[in-house]
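The values are calculated or read from the model by the stated rules, or taken from the named source; none is laboratory data. As the structure is a prediction and not an experimental result, all values here were calculated from the model. Cβ placement follows ideal geometry from the backbone for every residue including glycine, while neighbour counts extend to all protein chains displayed.
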Amino acid sequence: MKQAPPLTEEAAEELAIQALTFLAADPVRLGSFLAATGIGPSQIRAASGEPGFLAGVLDFLASDDRLIVDFGAATGADPADVARAYATLSGARWEREVP
């Protein structure tokens, strides 16, 4: 089976911004994200300019199965695209598991 090509950095950033918007739309999700990252609500804008922040958003999203399913349902994003975007933004190599 052919592996999907990596996402461009621009596409990966767009998906990460969608993910951040998704998290911010719900106080409970946003609270969990802020608690996990240790940043405050007023620091999000400044943090978003830091290298690795958007990759961290995607990593947080992917760390919770229910959260990533809800994100996919809300946006139509495929969880594999989240993993590919994370790989692009973090520099990690993404490999799909093929049975």
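Descriptive notes on the structure:
- Just one of the listed residues (Leu58, Leu15, Leu23, Leu7) is crowded, with 18+ Cβ neighbours inside 10 Å and modelled with pLDDT under 90, namely Leu7.
- Subset of segment 29-75 (residues that are within 13 Å of Ala19 (Cβ to Cβ) and not in a helix (DSSP H, G or I)): Ser48, Ser63, Asp64
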